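Report on the structure given below.
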Amino acid sequence: MIIFWVVICTVYGMLVLLLLYGFTKVKPFKLSKKMDAIGFTIVIPFKNEAEHLALLLSSLKQLEYPRHLWEVLLVNDNSTDTSEKIVLDFMTEHSTYNIHLLNSIRHTNSPKKDAIGLAITQAHHDWIVTTDGDCIIPSKWLEVLAMFITKYQPKMVVMPVAYSVNNTFLEKFQLLDFLSLMGSTIGGFGIGKPFMCNGANLAYAKEVFNEVEGYKGNTHISSGDDIFLMEKIQEKYPDGVRYLKSVKSIVATVPQPTLKKLLHQRKRWGAKASAYRNPITKLVAVIVLLMNMALPIYTGLVFLEQMSVKWLLLGFAVKMNLDFFMIYTTAGFFNQQQMLRSYYLAVFIYPFFITYTAFSSFFGTYTWKGNTFKK
(Lines give C-alpha, C1' and ligand atoms only; values in the text may rest on other atoms or scores of the structure.)
Protein backbone atom coordinates (compact mmCIF):
# COMPACT_ATOMS: atom_id res chain seq x y z
CA MET A 1 0.00 0.00 0.00
CA ILE A 2 2.80 2.39 0.90
CA ILE A 3 4.64 1.65 -2.34
CA PHE A 4 1.58 2.43 -4.48
CA TRP A 5 0.96 5.62 -2.51
CA VAL A 6 4.54 6.79 -3.01
CA VAL A 7 4.42 5.90 -6.71
CA ILE A 8 1.16 7.72 -7.45
CA CYS A 9 2.24 10.80 -5.48
CA THR A 10 5.56 10.86 -7.33
CA VAL A 11 4.01 10.41 -10.76
CA TYR A 12 1.34 13.02 -10.04
CA GLY A 13 3.96 15.46 -8.77
CA MET A 14 6.08 14.98 -11.89
CA LEU A 15 3.03 15.56 -14.09
CA VAL A 16 2.10 18.83 -12.40
CA LEU A 17 5.69 20.08 -12.50
CA LEU A 18 5.90 19.21 -16.19
CA LEU A 19 2.69 21.10 -16.95
CA LEU A 20 3.86 24.06 -14.87
CA TYR A 21 7.02 24.13 -16.94
CA GLY A 22 4.93 23.92 -20.10
CA PHE A 23 2.76 26.82 -18.96
CA THR A 24 5.81 29.07 -18.68
CA LYS A 25 7.03 27.93 -22.11
CA VAL A 26 3.93 29.31 -23.84
CA LYS A 27 4.74 32.99 -24.03
CA PRO A 28 2.02 35.64 -24.26
CA PHE A 29 1.35 36.54 -27.87
CA LYS A 30 2.73 39.93 -28.83
CA LEU A 31 0.38 41.94 -31.00
CA SER A 32 1.59 42.61 -34.50
CA LYS A 33 0.78 45.28 -37.05
CA LYS A 34 0.83 42.63 -39.77
CA MET A 35 -2.60 41.10 -40.25
CA ASP A 36 -4.18 39.41 -43.26
CA ALA A 37 -7.81 40.14 -44.08
CA ILE A 38 -9.13 36.88 -42.64
CA GLY A 39 -12.85 36.22 -42.69
CA PHE A 40 -14.52 34.64 -39.65
CA THR A 41 -17.85 32.92 -39.14
CA ILE A 42 -18.74 33.02 -35.46
CA VAL A 43 -20.87 29.99 -34.56
CA ILE A 44 -22.94 30.15 -31.38
CA PRO A 45 -25.20 27.20 -30.55
CA PHE A 46 -27.67 27.95 -27.76
CA LYS A 47 -30.56 26.44 -25.87
CA ASN A 48 -32.52 28.28 -23.18
CA GLU A 49 -29.93 31.02 -22.68
CA ALA A 50 -32.36 33.91 -22.21
CA GLU A 51 -30.53 34.91 -19.04
CA HIS A 52 -27.21 35.37 -20.84
CA LEU A 53 -27.82 36.11 -24.53
CA ALA A 54 -28.26 39.87 -24.11
CA LEU A 55 -24.76 40.22 -22.68
CA LEU A 56 -23.27 38.04 -25.42
CA LEU A 57 -25.01 39.98 -28.17
CA SER A 58 -23.96 43.27 -26.63
CA SER A 59 -20.34 42.13 -26.62
CA LEU A 60 -20.59 41.29 -30.32
CA LYS A 61 -21.34 44.94 -31.01
CA GLN A 62 -18.02 45.89 -29.45
CA LEU A 63 -15.88 43.80 -31.80
CA GLU A 64 -13.08 45.89 -33.28
CA TYR A 65 -12.76 44.13 -36.60
CA PRO A 66 -14.01 45.13 -40.08
CA ARG A 67 -17.67 44.14 -40.24
CA HIS A 68 -17.45 42.79 -43.77
CA LEU A 69 -14.95 40.19 -42.51
CA TRP A 70 -17.18 38.52 -39.93
CA GLU A 71 -20.63 37.06 -39.60
CA VAL A 72 -22.50 35.45 -36.73
CA LEU A 73 -24.58 32.29 -37.00
CA LEU A 74 -26.68 31.71 -33.89
CA VAL A 75 -28.13 28.20 -33.86
CA ASN A 76 -31.25 27.61 -31.77
CA ASP A 77 -31.39 24.08 -30.35
CA ASN A 78 -35.12 23.95 -29.61
CA SER A 79 -35.15 26.61 -26.89
CA THR A 80 -38.33 26.78 -24.83
CA ASP A 81 -37.67 30.15 -23.19
CA THR A 82 -37.41 33.61 -24.78
CA SER A 83 -33.95 33.04 -26.28
CA GLU A 84 -35.18 33.12 -29.86
CA LYS A 85 -37.11 36.36 -29.30
CA ILE A 86 -34.04 38.01 -27.77
CA VAL A 87 -31.98 37.12 -30.85
CA LEU A 88 -34.66 38.22 -33.31
CA ASP A 89 -35.17 41.53 -31.50
CA PHE A 90 -31.43 42.15 -31.56
CA MET A 91 -31.24 41.37 -35.27
CA THR A 92 -34.06 43.81 -35.97
CA GLU A 93 -32.46 46.59 -33.93
CA HIS A 94 -28.99 45.99 -35.42
CA SER A 95 -29.75 45.12 -39.02
CA THR A 96 -26.38 46.47 -40.19
CA TYR A 97 -24.64 43.54 -38.52
CA ASN A 98 -24.28 40.28 -40.42
CA ILE A 99 -26.12 38.11 -37.90
CA HIS A 100 -28.33 35.16 -38.77
CA LEU A 101 -30.52 32.78 -36.78
CA LEU A 102 -30.67 29.10 -37.67
CA ASN A 103 -32.84 26.36 -36.22
CA SER A 104 -30.91 23.22 -35.43
CA ILE A 105 -32.01 19.84 -36.71
CA ARG A 106 -31.13 17.06 -34.31
CA HIS A 107 -30.10 13.79 -35.95
CA THR A 108 -27.44 12.39 -33.58
CA ASN A 109 -26.93 11.93 -29.84
CA SER A 110 -25.04 15.23 -29.70
CA PRO A 111 -27.27 18.31 -30.09
CA LYS A 112 -24.34 20.72 -29.93
CA LYS A 113 -22.41 18.95 -32.68
CA ASP A 114 -25.55 18.92 -34.81
CA ALA A 115 -25.96 22.67 -34.30
CA ILE A 116 -22.33 23.52 -35.10
CA GLY A 117 -22.28 21.16 -38.07
CA LEU A 118 -25.36 22.82 -39.53
CA ALA A 119 -23.85 26.28 -39.10
CA ILE A 120 -20.62 25.29 -40.83
CA THR A 121 -22.58 24.23 -43.91
CA GLN A 122 -23.98 27.78 -44.02
CA ALA A 123 -20.72 29.60 -43.23
CA HIS A 124 -19.43 32.10 -45.80
CA HIS A 125 -15.95 32.67 -44.37
CA ASP A 126 -12.81 30.52 -44.28
CA TRP A 127 -12.42 30.37 -40.51
CA ILE A 128 -14.92 29.08 -37.94
CA VAL A 129 -14.86 30.53 -34.42
CA THR A 130 -17.05 28.91 -31.78
CA THR A 131 -18.33 30.20 -28.48
CA ASP A 132 -21.34 29.57 -26.25
CA GLY A 133 -24.55 31.39 -25.47
CA ASP A 134 -23.48 32.15 -21.90
CA CYS A 135 -20.21 33.84 -22.87
CA ILE A 136 -18.94 37.39 -23.27
CA ILE A 137 -16.31 38.04 -25.92
CA PRO A 138 -13.56 40.69 -25.79
CA SER A 139 -13.47 43.55 -28.28
CA LYS A 140 -10.06 42.58 -29.72
CA TRP A 141 -11.03 38.92 -30.08
CA LEU A 142 -11.02 38.61 -33.86
CA GLU A 143 -8.26 41.15 -34.40
CA VAL A 144 -5.78 39.28 -32.20
CA LEU A 145 -6.85 35.97 -33.71
CA ALA A 146 -6.25 37.30 -37.23
CA MET A 147 -2.78 38.50 -36.21
CA PHE A 148 -2.00 35.08 -34.74
CA ILE A 149 -3.20 33.19 -37.82
CA THR A 150 -1.24 35.53 -40.08
CA LYS A 151 1.96 34.86 -38.12
CA TYR A 152 1.73 31.11 -37.50
CA GLN A 153 -0.62 29.78 -40.24
CA PRO A 154 -2.24 27.18 -37.93
CA LYS A 155 -5.11 24.84 -38.75
CA MET A 156 -6.75 25.24 -35.34
CA VAL A 157 -6.32 27.85 -32.60
CA VAL A 158 -7.14 27.13 -28.95
CA MET A 159 -7.84 30.21 -26.81
CA PRO A 160 -8.39 30.92 -23.10
CA VAL A 161 -11.69 30.84 -21.23
CA ALA A 162 -12.29 32.34 -17.78
CA TYR A 163 -15.11 32.11 -15.25
CA SER A 164 -16.76 35.30 -14.05
CA VAL A 165 -17.71 34.66 -10.42
CA ASN A 166 -19.38 36.41 -7.51
CA ASN A 167 -18.78 35.60 -3.86
CA THR A 168 -20.40 32.20 -3.30
CA PHE A 169 -18.12 29.31 -2.36
CA LEU A 170 -19.67 27.11 -5.08
CA GLU A 171 -18.64 29.60 -7.75
CA LYS A 172 -15.15 30.02 -6.30
CA PHE A 173 -14.77 26.24 -6.13
CA GLN A 174 -15.60 25.99 -9.82
CA LEU A 175 -13.22 28.82 -10.63
CA LEU A 176 -10.31 27.08 -8.88
CA ASP A 177 -11.08 23.83 -10.67
CA PHE A 178 -11.36 25.65 -13.99
CA LEU A 179 -8.07 27.49 -13.45
CA SER A 180 -6.42 24.11 -12.97
CA LEU A 181 -7.92 22.91 -16.25
CA MET A 182 -6.83 26.05 -18.10
CA GLY A 183 -3.32 25.81 -16.67
CA SER A 184 -3.06 22.17 -17.70
CA THR A 185 -4.37 23.01 -21.17
CA ILE A 186 -1.71 25.68 -21.70
CA GLY A 187 0.94 23.47 -20.11
CA GLY A 188 0.17 20.69 -22.58
CA PHE A 189 0.86 23.03 -25.46
CA GLY A 190 4.05 24.20 -23.78
CA ILE A 191 5.51 20.68 -23.70
CA GLY A 192 4.38 19.98 -27.25
CA LYS A 193 1.62 17.56 -26.20
CA PRO A 194 -1.75 19.37 -26.48
CA PHE A 195 -4.51 17.33 -24.91
CA MET A 196 -7.31 19.77 -24.00
CA CYS A 197 -9.26 22.68 -25.44
CA ASN A 198 -12.58 24.41 -24.83
CA GLY A 199 -15.28 24.94 -27.43
CA ALA A 200 -16.26 28.23 -25.78
CA ASN A 201 -13.18 29.77 -27.43
CA LEU A 202 -11.96 27.78 -30.39
CA ALA A 203 -11.14 28.54 -34.02
CA TYR A 204 -10.35 26.32 -36.99
CA ALA A 205 -10.21 26.47 -40.75
CA LYS A 206 -13.49 25.41 -42.34
CA GLU A 207 -11.55 23.51 -45.00
CA VAL A 208 -9.77 21.45 -42.33
CA PHE A 209 -13.05 20.70 -40.54
CA ASN A 210 -14.34 19.22 -43.78
CA GLU A 211 -11.07 17.38 -44.47
CA VAL A 212 -11.29 15.46 -41.19
CA GLU A 213 -15.03 14.92 -41.75
CA GLY A 214 -16.06 17.04 -38.81
CA TYR A 215 -17.54 15.09 -35.94
CA LYS A 216 -17.93 11.83 -37.83
CA GLY A 217 -17.12 8.91 -35.56
CA ASN A 218 -18.06 10.54 -32.25
CA THR A 219 -21.60 11.84 -32.67
CA HIS A 220 -22.84 9.07 -30.37
CA ILE A 221 -21.19 10.96 -27.48
CA SER A 222 -23.17 14.02 -26.42
CA SER A 223 -20.17 16.22 -25.61
CA GLY A 224 -16.68 16.55 -27.05
CA ASP A 225 -17.30 18.96 -29.92
CA ASP A 226 -13.96 20.50 -28.99
CA ILE A 227 -11.48 17.80 -27.90
CA PHE A 228 -12.50 15.12 -30.40
CA LEU A 229 -12.18 17.61 -33.25
CA MET A 230 -8.78 18.74 -31.97
CA GLU A 231 -7.59 15.13 -31.86
CA LYS A 232 -8.65 14.55 -35.47
CA ILE A 233 -6.92 17.71 -36.68
CA GLN A 234 -3.77 16.82 -34.70
CA GLU A 235 -3.65 13.43 -36.39
CA LYS A 236 -3.75 15.00 -39.85
CA TYR A 237 -1.68 18.08 -39.01
CA PRO A 238 0.61 17.26 -36.03
CA ASP A 239 1.94 20.82 -35.82
CA GLY A 240 -1.25 22.52 -36.92
CA VAL A 241 -2.87 23.17 -33.54
CA ARG A 242 -1.57 26.24 -31.67
CA TYR A 243 -2.44 28.04 -28.44
CA LEU A 244 -3.15 31.77 -28.47
CA LYS A 245 -2.11 33.02 -25.04
CA SER A 246 -3.34 36.59 -24.82
CA VAL A 247 -5.43 38.42 -22.26
CA LYS A 248 -7.13 40.16 -25.18
CA SER A 249 -8.51 36.84 -26.40
CA ILE A 250 -10.01 35.63 -23.10
CA VAL A 251 -13.68 34.71 -23.39
CA ALA A 252 -15.63 35.00 -20.12
CA THR A 253 -18.31 32.51 -19.15
CA VAL A 254 -20.31 31.71 -16.03
CA PRO A 255 -20.08 28.79 -13.57
CA GLN A 256 -23.00 26.53 -12.81
CA PRO A 257 -25.53 28.12 -10.43
CA THR A 258 -26.28 25.00 -8.36
CA LEU A 259 -24.42 21.94 -7.14
CA LYS A 260 -26.82 19.68 -9.02
CA LYS A 261 -26.11 21.40 -12.34
CA LEU A 262 -22.38 21.35 -11.63
CA LEU A 263 -22.43 17.60 -11.03
CA HIS A 264 -24.34 17.00 -14.26
CA GLN A 265 -21.89 19.22 -16.15
CA ARG A 266 -18.88 17.29 -14.87
CA LYS A 267 -20.58 13.96 -15.57
CA ARG A 268 -21.07 15.16 -19.14
CA TRP A 269 -17.40 16.09 -19.40
CA GLY A 270 -16.31 12.80 -17.87
CA ALA A 271 -18.52 10.68 -20.13
CA LYS A 272 -16.30 11.38 -23.14
CA ALA A 273 -13.04 10.35 -21.45
CA SER A 274 -13.08 6.71 -22.58
CA ALA A 275 -13.41 7.81 -26.22
CA TYR A 276 -10.27 9.97 -26.26
CA ARG A 277 -7.91 8.91 -29.03
CA ASN A 278 -4.87 10.80 -27.79
CA PRO A 279 -2.89 8.55 -25.40
CA ILE A 280 -1.54 11.62 -23.57
CA THR A 281 -5.09 12.73 -22.77
CA LYS A 282 -5.93 9.29 -21.39
CA LEU A 283 -2.71 9.09 -19.38
CA VAL A 284 -3.23 12.49 -17.76
CA ALA A 285 -6.86 11.64 -16.96
CA VAL A 286 -5.84 8.34 -15.32
CA ILE A 287 -3.06 9.92 -13.23
CA VAL A 288 -5.31 12.72 -11.99
CA LEU A 289 -8.13 10.32 -11.18
CA LEU A 290 -5.86 7.87 -9.33
CA MET A 291 -4.37 10.66 -7.24
CA ASN A 292 -7.76 12.02 -6.26
CA MET A 293 -9.19 8.56 -5.59
CA ALA A 294 -6.21 7.62 -3.48
CA LEU A 295 -6.64 10.49 -1.03
CA PRO A 296 -10.04 9.44 0.40
CA ILE A 297 -9.07 5.76 0.26
CA TYR A 298 -5.84 6.26 2.18
CA THR A 299 -7.61 8.58 4.61
CA GLY A 300 -9.89 5.66 5.39
CA LEU A 301 -6.90 3.38 5.83
CA VAL A 302 -5.42 5.81 8.35
CA PHE A 303 -8.64 5.75 10.39
CA LEU A 304 -8.58 1.94 10.23
CA GLU A 305 -4.97 2.08 11.45
CA GLN A 306 -3.76 0.33 8.31
CA MET A 307 -1.37 3.13 7.36
CA SER A 308 0.61 5.76 9.23
CA VAL A 309 -0.82 9.26 9.14
CA LYS A 310 2.60 10.68 8.24
CA TRP A 311 2.46 9.02 4.82
CA LEU A 312 -0.99 10.44 4.16
CA LEU A 313 0.08 13.94 5.20
CA LEU A 314 3.21 13.73 3.05
CA GLY A 315 1.27 12.80 -0.06
CA PHE A 316 -1.46 15.34 0.63
CA ALA A 317 1.14 18.07 1.10
CA VAL A 318 2.67 17.19 -2.28
CA LYS A 319 -0.68 17.48 -4.03
CA MET A 320 -1.90 20.54 -2.14
CA ASN A 321 1.23 22.60 -2.75
CA LEU A 322 1.80 21.62 -6.37
CA ASP A 323 -1.86 22.21 -7.23
CA PHE A 324 -1.64 25.60 -5.56
CA PHE A 325 1.39 26.59 -7.63
CA MET A 326 -0.42 25.54 -10.83
CA ILE A 327 -3.58 27.45 -9.93
CA TYR A 328 -1.63 30.47 -8.65
CA THR A 329 0.41 30.66 -11.86
CA THR A 330 -2.70 30.35 -14.03
CA ALA A 331 -4.63 32.85 -11.92
CA GLY A 332 -1.85 35.37 -12.53
CA PHE A 333 -2.46 35.19 -16.27
CA PHE A 334 -6.23 35.57 -15.80
CA ASN A 335 -5.83 38.27 -13.11
CA GLN A 336 -7.88 36.21 -10.63
CA GLN A 337 -5.39 35.67 -7.81
CA GLN A 338 -7.74 37.39 -5.37
CA MET A 339 -9.96 34.29 -5.54
CA LEU A 340 -7.32 31.95 -4.13
CA ARG A 341 -8.42 32.48 -0.53
CA SER A 342 -10.98 29.71 -1.02
CA TYR A 343 -8.31 27.24 -2.06
CA TYR A 344 -7.56 25.71 1.34
CA LEU A 345 -11.19 24.68 1.82
CA ALA A 346 -11.70 23.58 -1.77
CA VAL A 347 -8.61 21.37 -1.70
CA PHE A 348 -10.19 19.07 0.90
CA ILE A 349 -13.43 18.74 -1.06
CA TYR A 350 -12.01 18.27 -4.53
CA PRO A 351 -10.80 14.61 -4.26
CA PHE A 352 -14.29 13.50 -3.25
CA PHE A 353 -15.87 15.66 -5.95
CA ILE A 354 -13.68 14.34 -8.77
CA THR A 355 -14.01 10.72 -7.64
CA TYR A 356 -17.80 10.93 -7.49
CA THR A 357 -18.23 12.65 -10.86
CA ALA A 358 -15.76 10.29 -12.56
CA PHE A 359 -17.56 7.14 -11.48
CA SER A 360 -20.98 8.67 -12.06
CA SER A 361 -20.05 9.55 -15.62
CA PHE A 362 -19.25 5.91 -16.35
CA PHE A 363 -22.22 4.27 -14.68
CA GLY A 364 -25.00 6.84 -14.50
CA THR A 365 -27.03 9.25 -16.58
CA TYR A 366 -26.91 13.02 -16.66
CA THR A 367 -29.15 15.81 -17.85
CA TRP A 368 -28.06 18.79 -19.90
CA LYS A 369 -30.21 21.56 -21.33
CA GLY A 370 -33.33 19.53 -20.62
CA ASN A 371 -32.07 16.34 -22.30
CA THR A 372 -31.07 13.13 -20.53
CA PHE A 373 -28.02 11.21 -21.73
CA LYS A 374 -26.39 7.88 -20.96
CA LYS A 375 -22.71 7.16 -21.50
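The values are calculated or read from the model by the stated rules, or taken from the named source; none is laboratory data. Since this is a predicted model, take the numbers as computed values, not measurements. Counting neighbours? That spans all protein chains shown, and the Cβs are built from the backbone with ideal geometry, glycine included. All accessible areas refer to the heavy atoms of the entire protein, side chains included, with ligands and DNA or RNA removed. Shrake-Rupley method; radii C 1.70, N 1.55, O 1.52, S 1.80 Å.
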Next on the checklist: About the Cα centre, and with charges only on the beta carbon of Lys, Arg (+1) and Asp, Glu (-1), how big is the dipole of the chain? Nearest 20 debye, please.
Outcome noted: 800 debye
Checklist entry - So what is the calculated 222 nm ellipticity per residue for the chain, using -39500 (n - 2.57) for each DSSP H run with n of 4 or more, over all residues, to the nearest 500 deg cm²/dmol? => result -17000 deg cm²/dmol
Checklist entry - What does the charge count near V347 come to, summing +1 for each Lys or Arg and -1 for each Asp or Glu among other residues with Cβ under 13 Å from its Cβ? => result +1
Checklist outcome for this item: Under the 7 Å Cα-to-Cβ spin-label approximation, L18 and N103 lie apart by a distance in nanometres of 5.0 nm
Checklist entry - Rounded to the nearest 0.05, what FRET efficiency is calculated for T82 and E213 with R0 set to 30 Å and r the Cβ-Cβ distance? => result 0.25
Item to check | All lysines inside 20 Å of K61 as judged from Cα atoms, apart from same-chain residues fewer than 8 positions distant | outcome: K85, K140, K248
Checklist outcome for this item: Excluding ligands, DNA and RNA, the carbon-plus-sulfur percentage of the accessible area of segment 264-329 with a 1.4 Å probe reads 72 percent
Checklist entry - Long-range amide H contacts for Y97: which residues qualify at under 5 Å (H placed 1.01 Å from N, peptide plane, sequence gap of 5 or more or a different chain)? => result none
Item to check | Accessible area (Å², 1.4 Å probe, nearest 10) - H107 | outcome: 140 Å²
Item to check | Distance in nm between pseudo-label sites at T258 and H124 (7 Å out along the Cβ direction from Cα) | outcome: 4.2 nm
Next on the checklist: Treating segment 11-167 as a set of equal point scatterers at the Cα positions, no solvent, please give the Debye-formula log₁₀ I(q)/I(0) at q = 0.09, 0.11, 0.15, 0.19 Å⁻¹.
Outcome noted: -0.36, -0.52, -0.89, -1.23
Next on the checklist: Give me the Å³ per residue figure for the convex hull around the C-alpha atoms of segment 194-291.
Outcome noted: 130 Å³
Checklist entry - Averaged per residue, what accessible surface does segment 210-349 expose to a 1.4 Å probe, in Å²? => result 48 Å²
Next on the checklist: Along the Cα→Cβ direction, 7 angstrom out, place labels at T150 and N321. What is the inter-label distance in nm?
Outcome noted: 4.7 nm
Item to check | At most 12 other Cβ within 10 Å, DSSP loop - trypsin sites (Lys or Arg not before Pro), segment 4-57 | outcome: K30, K33, K34
Checklist entry - Put T329, T24 in order of accessible area, largest first, 1.4 Å probe: what do you get? => result T24, T329
Item to check | S95 accessible area, assembled protein chains, probe 1.4 Å, Å² | outcome: 90 Å²
Checklist outcome for this item: Heavy-atom accessible area with a 1.4 angstrom probe orders V208, V6, most exposed first, as V6, V208
Checklist entry - How large is Rg over Rh for the chain, taking Rg from the Cα atoms and Rh as the Kirkwood inverse mean of 1/r across Cα pairs? => result 0.97
Checklist entry - What longest region of the chain stays clear of GluC sites (Glu not before Pro) that DSSP places outside H, G, I, E and B and that have at most 15 other Cβ atoms within 10 Å? => result 65-212
Checklist entry - Amide H to amide H under 5 Å from V75: which residues, 5+ apart in sequence or cross-chain, H placed 1.01 Å off N in plane? => result I44, F46, L102
Checklist entry - Of K34/K151; K216/K267; K245/K319; K193/K232, which sit over 19 Å apart, Cα to Cα? => result K216/K267; K245/K319
Next on the checklist: Please list log₁₀ I(q)/I(0) at q = 0.14 Å⁻¹ for segment 211-356, using the Debye equation with identical point scatterers on the alpha-carbon positions.
Outcome noted: -0.96
Item to check | Formal net charge of residues neighbouring K236 (Cβ-Cβ distance under 9 Å; K, R +1; D, E -1) | outcome: 0
Next on the checklist: Over the Cα atoms of segment 261-323, what radius of gyration and what Dmax do you get, in Å?
Outcome noted: 14.9, 41
Checklist entry - So what's the net charge close to A50: Lys and Arg +1, Asp and Glu -1, counting the other residues with Cβ under 11 Å from its Cβ? => result -3
Next on the checklist: On a 1.4 Å probe surface of the protein chains, which of K193, K61, K27 comes out largest in accessible area, and what is the full order?
Outcome noted: K27, K193, K61
Checklist outcome for this item: A correct Karplus calculation of ³J(HN,Hα) over segment 252-258, with 6.51 cos²θ - 1.76 cosθ + 1.60, θ = phi - 60°, whole Hz and x for Gly and Pro, returns 9, 9, 10, x, 6, x, 9
